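As structure tokens, the structure follows; a few thoughts come after it.
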């Protein structure tokens, strides 16, 4: 997830660019359960998310980085054959390859072939529900992030304990790993848009409704000859995510609000019931009587007299100490 660095600016033409912070799995998990409209200030605190999700662990810059990770994982695609898996990349047991290489013998697809979803593939790793590109237990994930942060700061990682490693192995066996597509999976195999389900507390669709494909592809123009057109691929789940290609050239772009399509008005999960109002009749109460101005003045004079007496006593003590020293 943190393989690439992203820089942002708040105004077009501004020379001041800010590097976005590293994204944590917690950022992605929280972002998946909420809808947030960006203010444009990366230092704005997100605060508490609706529906009792709690406090978002970061600023707007962290939320933006989480959305970039989600969008790039789901929407970064390329024509089939452009990339191939790096066979020399060392992959640990239980992990999937992450590195791709440009194919040496790639032959550009014809324009008509680019208009077929079967000829487009994902070339960014799938993002699991735990907010990572590789499935691992919670303890192992926390240790991996701690080691990464230590490496960034130039510190040595703590040696692993054999007992802890054995416990982690048992924990991983208990947890059911989530299944996800491999690199270079065709986009036509993406789950279709199901117009039925729960969005917060909203219920949309019915079982008999049509399933919409996750991607749409079309030529950029039908008025001009085919040699003037570009194949345009658009993602339905993330409005604003496009891929365009012609011959050997392709590009991915996103222009949007950073929100996933919902299909219905968003209604956050209901929060816990508020506390009951205090019953004044259940407990006999007696309001305090406000003092009169005269009583307030007497109290003020009394406090002032006590203060003066304490100061006088302190001065006497200091004089006695000075006399003893002489």
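Worth pointing out:
- Residues (without any contact (Cβ under 8 Å) to a residue 40 or more places away in the chain, part of a helix (DSSP H, G or I) and either closer than 25 Å to residue 181 by Cβ or in contact with a helix residue (DSSP H, G or I) (Cβ under 9 Å, 6 or more places away or on another chain) (or both)) located in the stretch 58-74: 63
- Entry remark, the stretch 77-98: residues being exposed (fewer than 15 other Cβ atoms within 10 Å of the Cβ) and either under 24 Å from residue 27 (Cα atoms) or in contact (Cβ under 8 Å) with a residue 12 or more places away in the chain (or both) number 3 in total.
- The residue that is modelled with the highest pLDDT, among those in the stretch 11-34 that are part of a loop (DSSP other than H, G, I, E, B) and farther than 15 Å from residue 59 by Cα, is 17.
- Given (1) crowded, with 16+ Cβ neighbours inside 10 Å; (2) over 20 Å from residue 214 (Cβ atoms), index of the condition residue 114 fails: (2)
- Complete set of residues in the stretch 230-245 that are within 20 Å of residue 107 (Cβ to Cβ) and in contact with a helix residue (DSSP H, G or I) (Cβ under 7 Å, 6 or more places away or on another chain): 231, 245
- The number of residues in the stretch 110-127 that are touching a strand residue (DSSP E or B) at 6+ places or on another chain (Cβ under 6 Å) and free of Cβ contacts under 8 Å to residues at least 40 places away in the same chain comes to 0.
- All positions within the stretch 241-263 that are assigned to a strand (DSSP E or B) and in contact (Cβ under 8 Å) with a residue 40 or more places away in the chain: 241, 243, 245, 246, 250, 252, 254
- Qualifying residue in the stretch 40-48 (condition: in contact (Cβ under 8 Å) with a residue 40 or more places away in the chain, surrounded by 10 or more Cβ atoms within 10 Å (Cβ to Cβ) and in contact with a strand residue (DSSP E or B) (Cβ under 6 Å, 6 or more places away or on another chain)): no
- Residue check, residue 82 out of contact with any helix residue (DSSP H, G or I) (no Cβ under 6 Å at 6 or more places or on another chain), within 18 Å of residue 125 (Cα to Cα) and not assigned by TED's automatic domain parsing to the domain that holds residue 258: yes
The values are calculated or read from the model by the stated rules, or taken from the named source; none is laboratory data. Just so it is clear, the structure is predicted and the values come from calculations on it, not from any experiment. Positions of Cβ are generated from backbone atoms using ideal geometry, with glycine treated the same way; all protein chains shown enter the neighbour counts.
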